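**Student:** This is the structure, below, for whatever I ask next.
Taken together, the values in this text are just the output of simple stated rules run on the coordinates, not laboratory data. Since the model is a prediction, treat every value here as computed from it, not as a measurement. Cβ placement follows ideal geometry from the backbone for every residue including glycine, while neighbour counts extend to all protein chains displayed.
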Amino acid sequence: MRVVTMGEMMLRLMPAGNQRFEQATTFEAYYGGDESIVATSLARFGLDSWYITKLPENPLGDIALNKLREQGVDTSCIARGGERLGLNFYENGVSMRPSNVVYDRKYSAISQADPKDFDFDVIFEGADWFHVAGITPAISNKAAILTECALSAAKAHSLTVSVDLNYRSKLWTPEQAQSVMIPLMRYVDVCIGNEEDAEKVLGMAPVGTDVHGAKLDVDGYRALFLQMKERFGFKIIGTTLRESYSASDNGWSALLYDGTDFYHTKKYDIHLVDRGGGGASFAAGLIYGTLSGFGLQKTGEFAAAASALKQTIAGDFNLVTLKEVLSLMGGDISGRVNR
């Protein structure tokens, strides 16, 4: 099975520990980005995973490329050129102080990419699945055009298409997001997104949910998923449920709906090391489980377990094995030393 993902590769710079930006004299450097997390996760699970992006022809672009190769991702269709690699400054929150993100990604290579940089007929020939996140079309008008070209080509080649809505308020407004993303939904088979994503990107929201107060009403999501299915015809809809007890400790579970069955996974209580990449790791788990024929329940449990583990690991990539995810699915939450 071959999966293709497309998005922006970035350099994430983090003050050590839980320092604030103004305290930092050094920054820890991690390469990643939402769709690259999906690509690397799937490669680690054993799938043929291709990643599409555009990287500058400089040392940072070279490192980003090599980070993907280290994880077994096929990089043969990555374009080179453009001005720069986008930067993501990330201040890790703790207790009641939330995390904070500052983007420096204007004029990044992928934001200026053109559809002619990629031969989508070659890229999608023989592939099974295409995945992209709502972050990518939010980067620039050119990136939005590129996203639609890729989605259209993927459907022309009969791929299953998944989109993680991934609303980012620092990139665009709800009105901008809806004007771009709602028309793209006609290409989508599998829709992934949390309650904020559905509200800001699709103009729909679950009732009875207050994520800031750690209040989640599963029945509200059931009604939301039915509306999404009726309006857009999605084959599978998935969301993670994050209950924010604090910036350090979260509850984590997931919901899946396939038009017939509605499934709520077990919940994990996570002491966060790095919450970044949780949603993308869930998307990767959903894709892997679906392609592996797991069925709705097992797919949901696999995706929830994989994404829970990611949040115990610093950096963007979900550096876990298939065996570790299956072990957690099986109920091993002891954290005991493996000797």
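**Student:** Is it the case that some residue within region 121-141 is charged (D, E, K, R) and under 24 Å from E57 (Cα atoms)?
**Tutor:** No: region 121-141 contains no residue that is charged (D, E, K, R) and under 24 Å from E57 (Cα atoms).
**Student:** A further question follows. Got a number for residues in region 37-49 being among the small types (G, A, S), in contact with a strand residue (DSSP E or B) (Cβ under 8 Å, 6 or more places away or on another chain) and over 10 Å from S281 (Cα atoms)?
**Tutor:** 2
**Student:** Of the residues that sit in region 45-58 and are assigned to a loop (DSSP other than H, G, I, E, B) and over 19 Å from the mean Cα position of the chain (by Cα), which one is farthest from F130 (Cα to Cα)?
**Tutor:** By that ranking, first place goes to N58.
**Student:** Now, a different point. Please work out if G61 is surrounded by fewer than 23 Cβ atoms within 10 Å (Cβ to Cβ), among the small types (G, A, S) and part of a helix (DSSP H, G or I).
**Tutor:** Against the criterion (surrounded by fewer than 23 Cβ atoms within 10 Å (Cβ to Cβ), among the small types (G, A, S) and part of a helix (DSSP H, G or I)), G61 qualifies.
**Student:** Across region 248-264, what is the number of residues that are assigned to a loop (DSSP other than H, G, I, E, B) and either under 18 Å from the mean Cα position of the chain (by Cα) or not acidic (D, E) (or both)?
**Tutor:** Within region 248-264, residues that are assigned to a loop (DSSP other than H, G, I, E, B) and either under 18 Å from the mean Cα position of the chain (by Cα) or not acidic (D, E) (or both) number 3.
**Student:** Another question, then. Considering only region 97-123, state which residues are surrounded by fewer than 16 Cβ atoms within 10 Å (Cβ to Cβ), of a type in the set (A, V, I, L, M) and within 22 Å of L13 (Cα to Cα).
**Tutor:** Hits for region 97-123 are V101, V102.
**Student:** Also: Take the residues of region 20-41 that are free of Cβ contacts under 8 Å to residues at least 12 places away in the same chain and not in a helix (DSSP H, G or I): which is surrounded by the fewest Cβ atoms within 10 Å (Cβ to Cβ)?
**Tutor:** T25
**Student:** Where in region 107-180 are the helices (runs of 4 or more DSSP H), entirely inside, with at least 2 residues that are under 16 Å from I78 (Cα atoms) and β-branched (V, I, T)? Don't jump to the end; show me each part of the working.
**Tutor:** Working: elements: 120-124, 135-139, 141-156.
Passing ranges, in order: 120-124.
**Student:** Of all residues in region 222-247, which are outside any strand (DSSP E or B), under 20 Å from the mean Cα position of the chain (by Cα) and closer than 16 Å to D197 by Cα?
**Tutor:** Across region 222-247, the qualifying residues are F225, M228, F234.
**Student:** I'm checking my understanding of the structure. Among residues of region 68-106 that are outside any helix (DSSP H, G or I) and among the basic types (K, R), which one is nearest to the chain's Cα centre (by Cα)?
**Tutor:** If we take residues in region 68-106 being outside any helix (DSSP H, G or I) and among the basic types (K, R), then R105 is nearest to the chain's Cα centre (by Cα).
**Student:** How do the helices (runs of 4 or more DSSP H) wholly within region 265-339 filter down when requiring 3 or more residues that are in contact (Cβ under 8 Å) with a residue 40 or more places away in the chain and under 23 Å from V4 (Cα atoms): which remain?
**Tutor:** Result: 278-291, 296-310.
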